[in-house]
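*Asks:* Can you keep this structure in mind? I'll have questions shortly.
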Amino acid sequence: MKLRYYMRGLGIGIILTTLILTIANPKERLTDLQIMERAKALGMVDAEDAKEESLREALENIKPTAMPTENPSEPTLAPSLTPTITPEPTSAPTLTPEPTPAPTPIIPEDGNTGGIDGENAGELVTFQVVAGMSSGKVAALLVDKGLVKDAEDFNKYIVKVGKASIIRVGTYTLPKGASYEEIMIMITSKK
């Protein structure tokens, strides 16, 4: 009988504690914008911000080329009559690269080497890997570009080989019909 009174008292105590804490500490309602601002203040990066940052970095790396413009309102300078001396070009020593051993091919269990067969084999395709892309997104991109037939199969292959976490950001050009191994080597090797 004493146990019943203890349990009743414990239950009432829990209910009273809950009510007191609810009244004393109301939850703050935040909008999505406020949550995103707090996340940025803590150093978290939004996916859209990451894309914008990678595009900004890509634009910074592009070197502008000087294009001659003819503007009739600007005066043109007459060519100089003093002779200019140009240095003679010197030949640079040529280095022969050492041959690197070919890596052993790893073929998926189903025997699919990945390339697209047919009349388009050998056609060059250019694609860009952006910062933050997972191996699954890269595989889907390769399917969209026609370099591989099955995104899931390529993703399984690159994960099995252990290269899924070292896909490099950049722009790549590969021929249609390239094997999984050739694609994997291209997108994971340092340039």
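Rule-based calculations on the coordinates, nothing more; no lab input. Note that the structure is predicted; figures quoted are calculated from it, not measured. No Cβ is skipped: glycine too gets one built from the backbone with ideal geometry, and neighbour counts run over all protein chains shown.
*Asks:* To make sure I understand, if each residue's beta carbon is the centre and we count other beta carbons within 10 Å, what order do Glu152, Glu181, Glu28 fall in, fewest to most?
*Replies:* Fewest-to-most ranking of Glu152, Glu181, Glu28: Glu28, Glu152, Glu181.
*Asks:* Moving on to the next point. Can you put Ile158, Ile20 in order of Cβ neighbours within 10 angstrom, beginning with the fewest?
*Replies:* Ordered by Cβ neighbours within 10 Å, fewest first: Ile20, Ile158.
*Asks:* Treat the count of other C-beta atoms within 10 Å as a stand-in for reagent exposure and order Tyr157, Tyr6, Tyr172, Tyr180 from fewest to most.
*Replies:* Tyr6, Tyr172, Tyr180, Tyr157
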